[in-house]
1. Any residue that is among the hydrophobic types (A, V, I, L, M, F, W, C), at pLDDT below 95 and over 17 Å from Lys33 (Cα atoms) - is there at least one of those in the stretch 149-160?
2. Would you tally the residues in the stretch 170-192 being of a type in the set (S, T, N, Q) and part of a helix (DSSP H, G or I)?
3. Among the residues of the stretch 101-109, are any under 18 Å from Ala6 (Cβ atoms), surrounded by fewer than 17 Cβ atoms within 10 Å (Cβ to Cβ), of a type in the set (Asp, Glu) and modelled with pLDDT of 95 or more?
4. Quick one: Phe95 ticks every box in (1) crowded, with 17+ Cβ neighbours inside 10 Å; (2) in contact (Cβ under 8 Å) with a residue 40 or more places away in the chain; (3) more than 27 Å from Arg198 (Cβ to Cβ) except a single one, so which number is it?
5. What are the residue pairs meeting all of these: first residue in the stretch 63-74, first residue aromatic (Phe, Trp, Tyr), second residue surrounded by 14 or more Cβ atoms within 10 Å (Cβ to Cβ), Cβ atoms under 8 Å, and 6 or more apart or on different chains?
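The values are calculated or read from the model by the stated rules, or taken from the named source; none is laboratory data. None of these values were measured; they are calculated from a predicted model. Every residue, glycine among them, receives a Cβ derived from its backbone with ideal geometry; neighbour counts consider all protein chains shown.
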Amino acid sequence: MRLFIASGFSAPVLAGIRDLQEFAKPLLGNAVKWVEPGNIHLTYAFLGDVPQTSLPAIMKSIDAAAETFGRTRVTLGGLGAFPSFERPRVLWLGFEEGRDALKDIAVKICGDLTAVGFVFGHEFSAHITIARVNPSRSVQDATIGVLPETGGKSLLSRGQKSDLKTGPDSAALALLAGKAQELNASDIVASLDLMESRLTSAGPRYQMLYHKELI
């Protein structure tokens, strides 16, 4: 089983993220693959392929974190990219409020799981992935279109391509970053969820295996 531990978000926040994605689709065209709103979440720990025998230890770590930390108010704010805006592979939204509390939860979960043999290669950074760059496509005038914010001018001249080795068009990303600053969506992180990811031809499908409410 391919597992991760995460928290989900309320319908109004997901609707705001969906609106941001819809705003960006004419900008970035086929350059990125957007995360479906129903799949959007905050990941504390990606566990990879895990045998069923490890489930009790994982659920115990979730229980311990839920007993240690209460519900957390968070506010989304700002667009980011991994590894950088110059060579993006992932586009994400960060947090203006609640970052430290979310990190405390992640550190607790990962610490308890490390003690029973799990290995984590990356330090936790609170973010919500909203898109992944598609390296097999180029951003073209035909897929970008025209937005009012550009004064009726296309972001790329006809036939021009954005080199995806250095990322999608920088002007498009700048417009998206500005729009993301306006999102200002707040929510309460109220639970910890153990999720299974099943890879399909249509993209990943997530199933909740365990759910624990925060106090």
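1. Within the stretch 149-160, the first condition is being among the hydrophobic types (A, V, I, L, M, F, W, C), and the residues that meet it are 155-156.
Then drop every residue that is not at pLDDT below 95, which leaves 155-156.
In the following step, the residues that additionally are over 17 Å from Lys33 (Cα atoms) were identified as 155-156.
Looking for residues that are among the hydrophobic types (A, V, I, L, M, F, W, C), at pLDDT below 95 and over 17 Å from Lys33 (Cα atoms), one finds at least one in the stretch 149-160, hence yes.
2. Applying the first criterion (of a type in the set (S, T, N, Q)) to the stretch 170-192 yields 170, 181, 184, 186, 191.
From what is left, the residues that are part of a helix (DSSP H, G or I) are 170, 181.
Final tally of qualifying residues: 2.
3. Applying the first criterion (under 18 Å from Ala6 (Cβ atoms)) to the stretch 101-109 yields 101-109.
Narrowing further to those that are surrounded by fewer than 17 Cβ atoms within 10 Å (Cβ to Cβ): 103-104, 107.
Now restrict to residues that are of a type in the set (Asp, Glu): 104.
Then keep just the ones that are modelled with pLDDT of 95 or more; that gives 104.
Yes, because at least one residue in the stretch 101-109 is under 18 Å from Ala6 (Cβ atoms), surrounded by fewer than 17 Cβ atoms within 10 Å (Cβ to Cβ), of a type in the set (Asp, Glu) and modelled with pLDDT of 95 or more.
4. (2)
5. What qualifies is Phe69/Ala101; Phe69/Asp104; Phe69/Ile105; Phe69/Lys108; Phe69/Leu214.
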